[in-house]
Amino acid sequence: MRVFILKPDAIGDFILSTGCIRLMARELGEKNLAMAVRADVAPLAKAQFPKADVIPLRLREKRRLVNLATVNVINCLPAWLRILTFRADAAICLRSMRAYLHTITFYLPRAKRRIACENLLLADPRMRRPAVENFVRRVFTPTLIPYPRTGKLPTDIEANRLVTAELLQRHVADEEILPTLTPPSPVSPKNRWLLCPFSSTKSKDYPAESWAQALNLLSYEQTPIHLAAGPNQADRLQVFAASLRAAGLKNIHVDRSVQLSDFLQSAAESRLVLTVDTAAAHIACALGTPAVIVSAGQHPGVYAPYSPNGQQIWLMPPQHLPKGEWRNATTPKMIADAIAQVLAAR
């Protein structure tokens, strides 16, 4: 069975889908999969699924002078031409908030079946969106599954389960759908902690001073702490490191900007990962690396919490706090206690 997979999301969201994609690869043959993903995610997708056909979608997230939709249509044309010639037994979409570009991409391949969860953007639709969705439903008659509202796992993983179960025509268990990543090389464990303090949005970041207080509450015997961040966050990372050192922490190392594959290897080999709600959190979970994740609590239950092997603790704040108050609700002592718990369990 040949399957076209649409997953036009950021790295963390793609990682959430790796469990179901790996399940499809095992049962249907990896070489029978073609997946359209964002261009910045394509190297990770190809590394994890080398026999699959990976199609990069050059989607821009922010407007620059020219209308964003116009630019993205032009950027996607080469990928659309490839997808248009693809013949599949089934096309599935693993994104439940589909803008027009996502809808176009999903219906381009010649597929006998199309499976997705219902489009969540229809809950508060623009005037034209229902008309477009109703048109493609009549023409292509896709199987649209209600998006899950609750479940033992985050609802985005549950949605992946429902789509995969419909494709395979069988029940899919928890352990089959959990995110999994394979390190680029054999893992050689290192006695170091990896701290990734920044998310893509500053509203999810936890203050350096509070991280320092949490670490100072521990007797960590000067275990080397390596700091890592994205290429455009290098200056902020130096300031963050200076704050930790000013608080009396020693053995702080700032890792240079590295390829994503190198970061995966570093996370797999670290004794502990400390981070916020960002791609690094999902990488640690998918690798099975012990981790403490300080979450801002945005979209609770949709993307987190989860722990494939019980060695990752998500510190989730109470819901419905005033903006920014989650940082006060998650105290340095809570972080220190969670770190001690993870290390003791390991």
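None of the figures in this text is laboratory data; all of them are computed from the coordinates on show. No experiment lies behind these values; they were computed from the predicted model shown. Because the Cβ atoms are built from the backbone with ideal geometry, glycine has one as well, and the counts that use them run over all protein chains shown.
Between the range 85-101 and the range 305-329, what's the alpha-carbon centroid distance in Å? For the range 85-101 versus the range 305-329, the Cα centre distance is 32 Å.
Straight Cα distances below 21 angstrom link Lys333 to the lysines Lys204, Lys250, with same-chain residues fewer than 8 positions distant left out. Three principal axis extents describe the C-alpha atoms of the chain; from largest down they are 64, 42, 36 Å. Secondary structure note: in the range 3-177, about 5% of the DSSP beta bridges are antiparallel.
Under 19 Å of direct C-alpha separation, and excluding same-chain neighbours fewer than eight residues apart, Lys7 reaches these aspartates and glutamates: Glu30, Asp40, Asp53, Glu61, Asp89, Glu118, Glu133, Asp156, Glu158, Glu166, Glu176. Here the ratio of the Cα radius of gyration of the range 108-161 to 2.2 N^0.38 Å is 1.29. Seen from a random direction on average, the alpha-carbon convex hull of the range 177-216 projects onto 5.3 square nanometres.
With the highest mean first, a sort of the peptides 238-246, 37-45, 276-284, 17-25 on other beta-carbon atoms found within 10 angstrom per residue produces 276-284, 17-25, 37-45, 238-246. Counting neighbouring Cβ atoms within 10 Å and putting the fewest first, the residues Thr275, Thr182 line up as Thr182, Thr275. Applying Stokes-Einstein at 20 °C and 1.002 mPa s to the Kirkwood radius of the range 233-332, computed over alpha-carbon pairs, gives a translational diffusion coefficient of 143 µm² s⁻¹. Contact order for the range 68-176, expressed relative to its length and based on alpha carbon pairs under 8 Å spaced 6+ residues apart, stands at 24 percent. Shape analysis of the range 94-241 based on the Cα gyration tensor places the equivalent ellipsoid semi-axes at 42, 21, 15 Å, largest first. Restricting the calculation to Cα atoms, the range 1-40 yields a radius of gyration followed by a Dmax of 10.1, 28 Å. Each pair of Cα atoms in the range 3-177 enters the Kirkwood radius, and Stokes-Einstein at 25 °C and 0.890 mPa s then converts it into a translational diffusion coefficient of 149 µm²/s.
Cα gyration tensor of the range 241-300, axes a ≥ b ≥ c as square roots of the eigenvalues: rounded (a/c below 1.5), prolate (a/b > b/c) or oblate? In terms of gyration-tensor shape, oblate.
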